[in-house]
1. Can you tell me which residue in region B:215-231 is surrounded by the fewest Cβ atoms within 10 Å (Cβ to Cβ), limited to those that are under 21 Å from residue B:48 (Cα atoms) and touching a helix residue (DSSP H, G or I) at 6+ places or on another chain (Cβ under 6 Å)?
2. For region A:57-78, how many residues are touching a strand residue (DSSP E or B) at 6+ places or on another chain (Cβ under 9 Å), more than 24 Å from residue B:180 (Cβ to Cβ) and free of Cβ contacts under 8 Å to residues at least 40 places away in the same chain?
3. Go over the candidates A:83, A:45, A:34 one by one and state the one that is in a strand (DSSP E or B), within 11 Å of chain B (Cβ to nearest Cβ) and surrounded by 21 or more Cβ atoms within 10 Å (Cβ to Cβ).
4. Of (1) crowded, with 20+ Cβ neighbours inside 10 Å; (2) within 12 Å of chain B (Cβ to nearest Cβ); (3) touching a helix residue (DSSP H, G or I) at 6+ places or on another chain (Cβ under 9 Å), residue A:67 satisfies all except one. Which?
5. So residue B:354 passes all but one of these: (1) at pLDDT below 95; (2) surrounded by 20 or more Cβ atoms within 10 Å (Cβ to Cβ); (3) more than 30 Å from residue A:98 (Cα to Cα). Which condition number does it fail?
6. Being part of a loop (DSSP other than H, G, I, E, B) and either over 15 Å from residue A:57 (Cα atoms) or in contact with a helix residue (DSSP H, G or I) (Cβ under 9 Å, 6 or more places away or on another chain) (or both) is the filter here, so list the residues in region A:1-31 that pass it.
7. What single numbered condition from (1) more than 14 Å from every other protein chain (Cβ to nearest Cβ); (2) assigned to a loop (DSSP other than H, G, I, E, B); (3) surrounded by fewer than 16 Cβ atoms within 10 Å (Cβ to Cβ) fails to hold for residue A:170?
8. Any chance you could count how many residues in region B:36-60 are more than 15 Å from residue B:103 (Cβ to Cβ) and in a loop (DSSP other than H, G, I, E, B)?
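The values are calculated or read from the model by the stated rules, or taken from the named source; none is laboratory data. Note that the coordinates shown come from a computational prediction; the quantities given were computed from them, not determined experimentally. Reconstructed Cβ throughout: ideal geometry from the backbone, glycine too, with neighbour counts over all protein chains shown.
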């Protein structure tokens, strides 16, 4: 899978990246190893030792912050990717510049570690706070199909406790500030009239999606325009057609009554690890069809979608 | 301090020592696609002799089916199962009855893959630390598999610096006062000799041979027979034991490898004699941890060059020698230019007094 190299992908949650053990992630077909150096800075290199192509993620993080390949012990600096040490070579520890692993750009904000395959790309700014509810799932579904499922029927990929997504949109998918934005009517679960006969919907789910990365902000609102739930969903295309989804969520204003109490349970948002294939197959591409056209238009436009602004 | 030497076994006066007269230059080691290398006209070790009985067992070399059984005590290797209703053509590697040339030696059943008329016991690799007629106890043998191509496994073996990391809990870490690596080669073999002074003592010897000293002097030899994908791994530890290992890497498929290993620990103490061969199960899993993900990354050619250190000289020589041999075979030249069955005791530094048969 070929991807634009200037995109910033939220490939890990901050707490997943440690100095104890390297973390293996992918951006499309590109394997990436992440770790935190001795200054606590997240680092990203190609997950491939340039010596004998073994995954660096099978190695370890040394006390000096270098990542060490577990095969022959070559150690690399995270910032530059330069080879710093070969064990036993006591007489020579300076190596030509070509002795390096590919280093990637890293930016850590709002509880996500974002990686850009272009190490010189400018990191995006995010004003988001760090949400406390978190999770990671790997879904056997392509990145675009995953986003299409989210557009056409969010229940295929997420669940919000006590909330049912209706097929009725309050605002169809449209471009707004370089993002793909839509708003879907929702109902409280489980007691309600069928959505076909409902005059007023008590809830809406607002989604704002980056047209290239698919990183999506979710906001659940009640009919008084209170934000009940905020979440960020970050799907990243991974190896073998899998989509790795990292997410963070936070409760907003407390909705009164039993329904609000149910929503405020231990973890109000669930991101599903599997998609029901029979439902997916028969789900009409009502939003996504339009979305594909809109996305193509935005990506062709010079100042909107190619803007590297993340879901901010 | 490390010193490295790379020289042909029989120096060619007309060739510079750095290339050994090889038609394949050193820089082509980066065109290494081991999965594309298929060796023919060679004896491959396929089974321990005790594994072959009246009931057929199945093996493979490069996916060619091999069924082994005994007929009146004599090993038979056929490309067809005796109960098979034959619905496929016979290969060119077998005789009119579909039988491969087969022989038993060193307690191992060897099958010849290639032109059956060229099969000759003179092309059997020399393994001077194993009794020619077999007979070592079973606890000195094991069968393990690698999910990688055979050349990847052998390249892994010939660079012993990997052992200091992957197998530190068995053979000790990388610390030593000095280290010397020498590589010898001819058209059929590559031999690497690594000498370490005051190396961290191997934990397995500390615990099972009662070595009290913190360090030991180590001389390790890896000798690879290119066509057969067989290796000798011979370690001499002082204080400690002599541990010669027959380390075949039979390419059952181009990306799966079978090892019918034999470790002759007859001269070691009782505990070590029984425990050390079993370490092969652990060590092979540790190797697989790296070679399994590594192997697919060598399946296709890439323009990106591997980086090398001076420790990799033997591995580079192995790549070159394999590519050279494969190139010769591709041109129809299957001749042995060097004799692999000549006693290699001197080359590997075998203490013959310990291995009299």
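1. Taking region B:215-231 as the starting set, the residues that turn out to be under 21 Å from residue B:48 (Cα atoms) are B:223-231.
Filter once more, keeping what is touching a helix residue (DSSP H, G or I) at 6+ places or on another chain (Cβ under 6 Å): B:223-224, B:226, B:229, B:231.
Values: B:223: 23, B:224: 30, B:226: 25, B:229: 26, B:231: 28.
The residue in question is B:223.
2. Number satisfying all stated conditions: 11.
3. On the way: A:45 fails: within 11 Å of chain B (Cβ to nearest Cβ); A:34 fails: within 11 Å of chain B (Cβ to nearest Cβ).
Answer to the selection: A:83.
4. Of (1) crowded, with 20+ Cβ neighbours inside 10 Å; (2) within 12 Å of chain B (Cβ to nearest Cβ); (3) touching a helix residue (DSSP H, G or I) at 6+ places or on another chain (Cβ under 9 Å), only one is false for residue A:67: (2).
5. The single condition residue B:354 does not satisfy is (2).
6. Our first condition is that a residue be part of a loop (DSSP other than H, G, I, E, B); within region A:1-31, this holds for A:1-7, A:17-22, A:28-29.
Correct list: A:1, A:2, A:3, A:4, A:5, A:6, A:7, A:21, A:22, A:28, A:29.
7. Of the numbered conditions (1) more than 14 Å from every other protein chain (Cβ to nearest Cβ); (2) assigned to a loop (DSSP other than H, G, I, E, B); (3) surrounded by fewer than 16 Cβ atoms within 10 Å (Cβ to Cβ), the odd one out for residue A:170 is (2).
8. Counting residues in region B:36-60 that are more than 15 Å from residue B:103 (Cβ to Cβ) and in a loop (DSSP other than H, G, I, E, B) gives 8.
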